[in-house]
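Scroll down for the structure; my scribbles are underneath it.
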Amino acid sequence: MSPSHVSSLRVPQRPIPAAMPAPRCASCHEARAALRRPSSGQALCGACFCSTFEAEVLHTVLAGHLLPPGAVVAVGASGGKDSTVLAHVLRALAPRLDISLHLVAVDEGIGGYRDAALAAVQRQAARWELPLTIVAYADLFGGWTMDAVARSTAGTGRSRSCCTFCGVLRRRALEEGARLVGATHIVTGHNADDMAETVLMNFLRGDVGRLARGGGLGSPGEGGALPRCRPLQFASQKEVVLYAHFRRLDYFSEECVYAPEAFRGHARDLLKLLETARPSVVLDLVHSAERLSLAPAARPPPPGTCSRCGALASHALCQACALLDGLNRGRPRLAIGKGRRGLDEEGAPPARPQGGDGGQEGVPASAPIPTF
Ligand code: SF4
């Protein structure tokens with residue numbers, strides 16, 4: 001891997017003009033401020049910003065009762081900025097939370113992309129002395145890699161939806177990896193921007209079931225699945241990048257080769273447009289989804305179990321088994337999470353793409369650092 005693939009102090013900082021001295025940090029009142037928080041406009045030095053960021057993640061975990069004392073936590077690690085920041089913050093908080101961490105990385109089998117990302121995860125595990133387990137699609141799913149899926153779907157009209165396949169398989173792979181290491185909980189690095197994009201996509205698809213299910217801080221572990229949570233759910237992407245910058249974290253920032261075709265990109269563009277008119281729109285959308293409740297008639301039926309693997313399923317087969325079934329028969333299917341058509345038919349709208357840190361398709365590298 002070329003060192004240029006790795007973002008370490010990737011974000012250039014403009015020098016502070018001599019005519020405009022930065023104000024004192026609003027927290028310690030000693031150091032010069034290095035940034036204004038995008039969320040509040042508060043001027044902070046790098047050290048105080050990082051402490052505040054960590055305190056806010058701690059509050060999210062404690063207030064949401066996300067990780068009980070004694071939890072063995074599998075951190076979905078992709079090498080990207082979100083999971084890198086999440087692992088770093090949780091490692092700092094682990095003694096206070098009384099939890100232990102285990103990095104679990106998923107090798108989707110994407111040539112020219114995932115190998116370099118996994119190398120970043122391996123460096124993190126070595127530097128932070130955290131155990132690391134890598135699970136591969138090829139081993140878990142009868143030889144299927146994402147590259148093989150992409151080849152199989154090419155020309156079928158499904159080739160633009162690699163992230164849909166990948167998201168379903170990644171969720172399963174992370175669950176398998178977490179069980180393998182004896183984890184009691186799974187955490188993923190979704191940030192507020194990821195969550196807002198997901199809310200927007202579900203609205204645009206009319207997927208009320210996912211809207212209703214996706215609003216909390218995670219899932220409690222229905223049907224024997226491990227509980228999952230997203231401790232960075234209220235942290236904006238800009239602040240995640242700032243934290244990585246000031247903590248000098250080494251992360252991978254290349255975009256996955258399949259990401260440009262994902263529907264999520266349209267939601268991201270729309271969100272950026274909306275932000276210019278209403279800067280709080282990201283957190284507004286996250287909180288909207290939290291408070292959303294469906295009329296009884298619109299609620300999806302309670303899930304059952306997959307007849308093949310025993311995982312949680314809304315239909316005879318769970319999403320992963322249905323996708324693999326279609327791939328093995330040369331008829332890739334994509335219908336996910338859309339009423340009763342579900343996975344039993346082909347041609348229904350695709351599901352929320354997931355990826356990168358378990359829910360975002362290769363979010364591009366760092367956003368600009370605001371400076372004085
Ligand atoms: Fe998978 Fe993410 Fe790549 Fe999509 S962008 S194919 S979800 S790794």
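The values are calculated or read from the model by the stated rules, or taken from the named source; none is laboratory data. Note that this is a predicted model, so its numbers are computed, not measured. Methodologically, a virtual Cβ is constructed for each residue, glycine included, from the backbone with ideal geometry; neighbour enumeration extends over all protein chains shown. Calculation scope for accessible area: heavy atoms of the full protein, side chains included, ligands and nucleic acids excluded. Shrake-Rupley method; radii C 1.70, N 1.55, O 1.52, S 1.80 Å.
Side notes on the structure shown:
- Within region 109-134, being β-branched (Val, Ile, Thr) and within 14 Å of the ligand (Cβ to nearest atom) holds for ILE110, VAL121.
- Of all residues in region 80-92, those satisfying the criterion of being open to solvent by less than 10 Å² (accessible area, probe 1.4 Å) and out of contact with any Gly (no Cβ under 9 Å at 6 or more places or on another chain) are VAL89, LEU90.
- Subset of region 66-97 (residues that are closer than 16 Å to THR188 by Cα and in a loop (DSSP other than H, G, I, E, B)): LEU66, LEU67, ALA71, ALA77, SER78, GLY79, GLY80
- Those residues of region 233-285 which are closer than 23 Å to VAL121 by Cβ, touching a Ser or Thr at 6+ places or on another chain (Cβ under 8 Å), of a type outside the set (D, E, K, R) and more than 16 Å from the ligand (Cβ to nearest atom), in sequence order: GLN233, VAL241, ALA244, HIS245, LEU249
- Test: residue in region 212-221 that is modelled with pLDDT of 75 or more and over 24 Å from GLY177 (Cβ atoms): no
- Count of region 97-108 residues which are within 14 Å of the ligand (Cβ to nearest atom) and open to solvent by 20 Å² or more (accessible area, probe 1.4 Å): 1
- Helices (runs of 4 or more DSSP H) enclosed by region 119-213 - at least 2 residues per element that are crowded, with 19+ Cβ neighbours inside 10 Å and among the hydroxyl-bearing types (Ser, Thr, Tyr): 146-153
- The test for being in contact with a helix residue (DSSP H, G or I) (Cβ under 7 Å, 6 or more places away or on another chain), among the β-branched types (Val, Ile, Thr) and under 30 Å from TYR137 (Cα atoms) holds for VAL85.
Residues are listed down the side, and each one gets a yes or a no for (1) open to solvent by 40 Å² or more (accessible area, probe 1.4 Å); (2) in contact with a Phe, Trp or Tyr (Cβ under 8 Å, 6 or more places away or on another chain):
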residue	(1), (2)
ALA262	no, no
SER280	yes, no
VAL286	no, yes
ARG291	yes, no
